[in-house]
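Written out below as structure tokens is the structure these notes cover.
The values are calculated or read from the model by the stated rules, or taken from the named source; none is laboratory data. Just so you know, these numbers come straight off a predicted model, no measurement behind them. As a convention, Cβ positions derive from the backbone with ideal geometry for all residues, glycine included, and neighbour counts pool all protein chains shown. Just so you know, the surface numbers come from the protein's heavy atoms only, side chains and all, with ligands and any DNA or RNA stripped out. Shrake-Rupley method; radii C 1.70, N 1.55, O 1.52, S 1.80 Å.
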Amino acid sequence: MTVVRTGLRARPAAARTRSTPSRRALKAWGFMLPAGALLLAMTVVPTLYLAYCAFRHEDLLGPNSRWVGLENFRHVLGDPNIWADALTTLQFVALAVAVEMALGLGLALMLSRKLAETDLLTALFILPLGVTPVVSALVFRVLLDPAYGWVDYYLQSWGLIDQPIDWFGEPFYAWTAVIGLDVWQWTPFVALILLAGLQGVPSEPKEAARLDGANALQLFWHIILPFMAPFLAIALVFRAIEAFKTFGSVFVLTGGGPGTSTSLINLDLYRIALQNFDIGAAAALGICFLVVLSLIMGRLLAVLNRNTDILED
Amino acid sequence: MRRFLADTLFRLLLWGAAIIALFPVIWVVLTSIKPPELSQALPPVWDFAPTLQSYRDVLGGNTYTSQAFGTLLMHSLIVTVASTLLGLALGVPAAYALARFRFRGKRGTANWILSTIMFPPAVSVVPVFIFASKLGLTDTFPVLVVPYAAFNLPMVIWMLRSFIKQIPHEIEEAAMVDGASQGAVLRYIVLPLLMPGIVAASLLSAMLAWNEFLFALTLTRSAAKTAPVGISEFTNMYGTQWGSLTAAATVTVAPILLATLVLRRRLVEGLTFGAVK
């Protein structure tokens, strides 16, 4: 043992060879095992169980559970409301993320300009990020209440509207509220990441471009944006992922209404499984949702891979 | 002169945006210290004698809701701390293996771990609800702690992996040359150097657990009910009690808000996966 150690001291780089590759691999899997097991238990096991339930009628309380073949899929995929809500989900994610990226970039660009109070402003802009989403949804709901809400009251008293707006009675206004809430909550997340990126843009290329007579737009497009690509990709991908998981804020703010105009697939899953207790139908819908999401996730990972090196070994 | 004009324009835009960003937060705090009977008045009352009545009502359970809000905060704290610690205990070794070892199937495993971040809680809540009912685990802490730790794991592992990669490998090699075992290297060399990463990962994990709503709503009734579910009950058949709602919201949001403010640089480092040096 002593001999081996002395040998290694002489050649530090050889430390890797102390255990054979297969023993090291075994050790690596040992380190991975607990985390891997929990992730398997919380993703793969539920998926398999849902896949099983999707072909069955599950009677949670009585003895009437039985195989029904493709009945659940036919039921779910034959329901025009489900297709409408799938579209609603895509619209919600696309719209919310697009607005957040645009506003976040604008905010980051403004904050990257050095003013005396920049640090204070940055700190203030972070605040919505820390507010519990259910709380912000409740606050929006109270503020937008047509009878008691401050928003309608002040809009009226400033003469901007004649009638109170029924925020949760008309699809257009309900959408405005839902998107507004998501944008209010998550634009700081985008801005924070993009600001970090902007502060990392080296000054030499900027100076060089300016000396060559580039205007602000050219500077932004040809110098700053390429440096920002990894940060834009990270913000976009993680915002999109989280937006697909949205539940609590919409559940509390509109409950999916009016009608089903703001009903996301996540709300449908909750309603079908945990209010109607139609486990089979919820399982079938869940499986379809997972298939679509894994396709989207593949695209998002490709975006991350193209623009950043965080997926590299 | 042009510079001054530009600065002024940016100032106006930024402060305008800041007021929009802050207004809901300010409204919550303001309404929580209003005398409860004035909280819902229209036109809004701006001139009032501040009172802590709503806080006393909420924390003491003197509201229409069934439980004192202080109890729910305690539940939230237990679930948050436990799930964050569990996530770190599982995440640190996994992140270390992914950063420092070479083995077959590593890239595939790493990408699989990251892609589980996409798994929507609204999908997994159904099987978890059924399993928990069959095992008699509904309304207990573990039924929230374990899923929350799992939700956080992909983010924790990927963030810590990027932090570990930034630690010079030579330090670990030197320790191993001196005879330290892999576990000792992780415990005494990597862990202390990893503290900034652990802080960032803990903050994000704690935020998720503290704010989570769907699992808490579905899987708990009273013995493990958390603060977000409790807050949502301040709007009920008696209408919305603005004073109670905003006081509860303030005490719920304050800790996370303060932590976010204080640790915001760590947070950014973590969220950009080491893309910022």
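I'd like to know if region A:235-247 contains one or more residues that are β-branched (Val, Ile, Thr) and either open to solvent by 30 Å² or more (accessible area, probe 1.4 Å) or more than 8 Å from chain B (Cβ to nearest Cβ) (or both). Yes, region A:235-247 contains at least one residue that is β-branched (Val, Ile, Thr) and either open to solvent by 30 Å² or more (accessible area, probe 1.4 Å) or more than 8 Å from chain B (Cβ to nearest Cβ) (or both).
When residue B:99 is tested against (1) surrounded by fewer than 17 Cβ atoms within 10 Å (Cβ to Cβ); (2) within 11 Å of chain A (Cβ to nearest Cβ), exactly one condition is not met: (1). The set of residues from region B:65-108 being more than 19 Å from residue B:259 (Cα to Cα), in a helix (DSSP H, G or I) and among the hydrophobic types (A, V, I, L, M, F, W, C) comprises B:69, B:72, B:86, B:89, B:90, B:92, B:94, B:95, B:97, B:98, B:99.
Considering A:48, A:105, which residue is part of a helix (DSSP H, G or I) and either under 25 Å from residue B:126 (Cβ atoms) or touching a Lys or Arg at 6+ places or on another chain (Cβ under 9 Å) (or both)? Don't jump to the end; show me each part of the working.
Working: A:105 fails: either under 25 Å from residue B:126 (Cβ atoms) or touching a Lys or Arg at 6+ places or on another chain (Cβ under 9 Å) (or both).
That would be A:48, the only listed residue that is part of a helix (DSSP H, G or I) and either under 25 Å from residue B:126 (Cβ atoms) or touching a Lys or Arg at 6+ places or on another chain (Cβ under 9 Å) (or both).
Filter region A:275-299 down to residues that are assigned to a helix (DSSP H, G or I) and not aliphatic (A, V, I, L, M) and give me whichever is nearest to the other protein chains (Cβ to nearest Cβ). Out of the qualifying residues, it is A:286. Of the residues making up region B:82-96, just one is within 7 Å of another protein chain (Cβ to nearest Cβ) and farther than 14 Å from residue B:194 by Cβ, namely B:90. Could you give me the residue pairs with C-beta distances under 6 Å whose first residue belongs to region B:35-47 and is more than 7 Å from chain A (Cβ to nearest Cβ), whose second residue is part of a loop (DSSP other than H, G, I, E, B) wherever it lies, and which are 6+ apart or on separate chains? Cβ pairs passing all conditions: B:35/B:51; B:38/B:45; B:38/B:48.
Restrict the check to region A:80-99 and report whether at least one residue is more than 25 Å from residue A:293 (Cα to Cα) and open to solvent by less than 50 Å² (accessible area, probe 1.4 Å). Let's see the steps before the verdict.
Residues of region A:80-99 more than 25 Å from residue A:293 (Cα to Cα): none.
The answer is no, given that none of the residues of region A:80-99 is more than 25 Å from residue A:293 (Cα to Cα) and open to solvent by less than 50 Å² (accessible area, probe 1.4 Å).
Residue by residue, here is whether (1) within 10 Å of chain A (Cβ to nearest Cβ); (2) open to solvent by less than 10 Å² (accessible area, probe 1.4 Å) holds:
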site: B:228; (1), (2): yes, yes
site: B:233; (1), (2): no, no
site: B:239; (1), (2): yes, no
site: B:244; (1), (2): no, no
site: B:254; (1), (2): yes, no
site: B:257; (1), (2): yes, no
site: B:264; (1), (2): yes, no
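Summed over region B:21-64, residues that are open to solvent by 40 Å² or more (accessible area, probe 1.4 Å), assigned to a loop (DSSP other than H, G, I, E, B) and within 18 Å of residue A:145 (Cβ to Cβ) total 3. Within region A:148-167, can one find any residue that is more than 7 Å from chain B (Cβ to nearest Cβ), in contact with a helix residue (DSSP H, G or I) (Cβ under 7 Å, 6 or more places away or on another chain) and part of a helix (DSSP H, G or I)? Yes, region A:148-167 contains a residue that is more than 7 Å from chain B (Cβ to nearest Cβ), in contact with a helix residue (DSSP H, G or I) (Cβ under 7 Å, 6 or more places away or on another chain) and part of a helix (DSSP H, G or I). Close contacts from region B:1-25, counting a first residue that is under 19 Å from residue A:122 (Cβ atoms) and modelled with pLDDT under 85 and a second that is surrounded by 11 or more Cβ atoms within 10 Å (Cβ to Cβ) and among the aromatic types (Phe, Trp, Tyr), with Cβ to Cβ under 7 Å and a gap of 6+ residues or different chains, come to none at all.
Of the residues that make up region A:70-79, is at least one aromatic (Phe, Trp, Tyr) and out of contact with any Gly (no Cβ under 9 Å at 6 or more places or on another chain)?
Taking region A:70-79 and keeping what is aromatic (Phe, Trp, Tyr), we get A:73.
Among the residues that remain, those that are also out of contact with any Gly (no Cβ under 9 Å at 6 or more places or on another chain) are: A:73.
Yes, that holds for at least one residue.
Is there a residue in region B:152-162 that is open to solvent by 50 Å² or more (accessible area, probe 1.4 Å) and among the basic types (Lys, Arg)? Even if it seems obvious, please write down each step before you answer.
So in region B:152-162, the residues open to solvent by 50 Å² or more (accessible area, probe 1.4 Å) come out as none.
Among the residues of region B:152-162, not one is open to solvent by 50 Å² or more (accessible area, probe 1.4 Å) and among the basic types (Lys, Arg), which makes the answer no.
Counting just the residues of region A:246-259 that are assigned to a loop (DSSP other than H, G, I, E, B) and of a type in the set (Val, Ile, Thr), which one comes out farthest from residue A:204 (Cα to Cα)? Talk me through it step by step, then tell me what you get.
Step one: of region A:246-259, the residues assigned to a loop (DSSP other than H, G, I, E, B) are A:246-247, A:254-259.
Still in the running and of a type in the set (Val, Ile, Thr): A:246, A:254.
Working: A:246: 42, A:254: 50 Å.
Among residues in region A:246-259 that are assigned to a loop (DSSP other than H, G, I, E, B) and of a type in the set (Val, Ile, Thr), the one farthest from residue A:204 (Cα to Cα) is A:254.
One line per residue, one yes/no per condition, for (1) in contact (Cβ under 8 Å) with a residue 60 or more places away in the chain; (2) open to solvent by less than 50 Å² (accessible area, probe 1.4 Å); (3) out of contact with any Asp or Glu (no Cβ under 7 Å at 6 or more places or on another chain):
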site: A:122; (1), (2), (3): yes, yes, yes
site: A:147; (1), (2), (3): no, no, yes
site: A:151; (1), (2), (3): no, yes, yes
site: A:156; (1), (2), (3): no, no, yes
site: A:171; (1), (2), (3): yes, no, yes
